[in-house]
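Below is one structure. I have some questions about it.
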Amino acid sequence: MSKLHLVFGGRVTDPQTLDFVDPSKLDVVGIFPDYASAENAWRSAAQRTVDDAEMRYVVVHLHRLLEPDLA
């Protein structure tokens with residue numbers, strides 16, 4: 001199975017959490033076939049909003065959600 005990774009982000013209520021203000025307005029950057037390309041996309045998205053402390057971007061390991069017993 002491919003090790004898929006999802007990169008997304010949005011405005012959070014507190015920069016210390018992942019409590020998104022409005023999940024319907026999340027910026028979905030994309031789904032990537034490996035961690036390296038996902039990390040590059042995450043860095044690029046995070047860099048665009050570096051001056052906004054209330055914006056957070058994350059990498060989600062989709063393969064771990066799809067096949068939790070393999071982790």
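The values are calculated or read from the model by the stated rules, or taken from the named source; none is laboratory data. Because the structure is predicted, anything quoted here is derived from the model rather than measured. All Cβ positions, glycine included, derive from the backbone under ideal geometry; neighbour counts span all protein chains shown. Ligands, DNA and RNA are excluded from the accessible area calculation, which covers all protein heavy atoms including side chains. Shrake-Rupley method; radii C 1.70, N 1.55, O 1.52, S 1.80 Å.
For region 16-51, which positions are of a type outside the set (A, V, I, L, M), at pLDDT below 95, exposed (fewer than 12 other Cβ atoms within 10 Å of the Cβ) and over 28 Å from GLU67 (Cα atoms)?
GLN16, ASP51
Here's another thing I want to ask about it. If you take the residues in region 1-15 that are of a type in the set (A, V, I, L, M, F, W, C), within 22 Å of GLU67 (Cα to Cα) and in contact with a Phe, Trp or Tyr (Cβ under 9 Å, 6 or more places away or on another chain), which one is least open to solvent (accessible area, probe 1.4 Å)?
Per the criteria, the residue is VAL7.
What pairs can you find where one residue is in region 16-27 and without any contact (Cβ under 8 Å) to a residue 24 or more places away in the chain and acidic (Asp, Glu), the other is open to solvent by 60 Å² or more (accessible area, probe 1.4 Å) and in a loop (DSSP other than H, G, I, E, B), and their Cβ atoms are less than 8 Å apart, with a gap of 6+ or different chains?
ASP19/THR13
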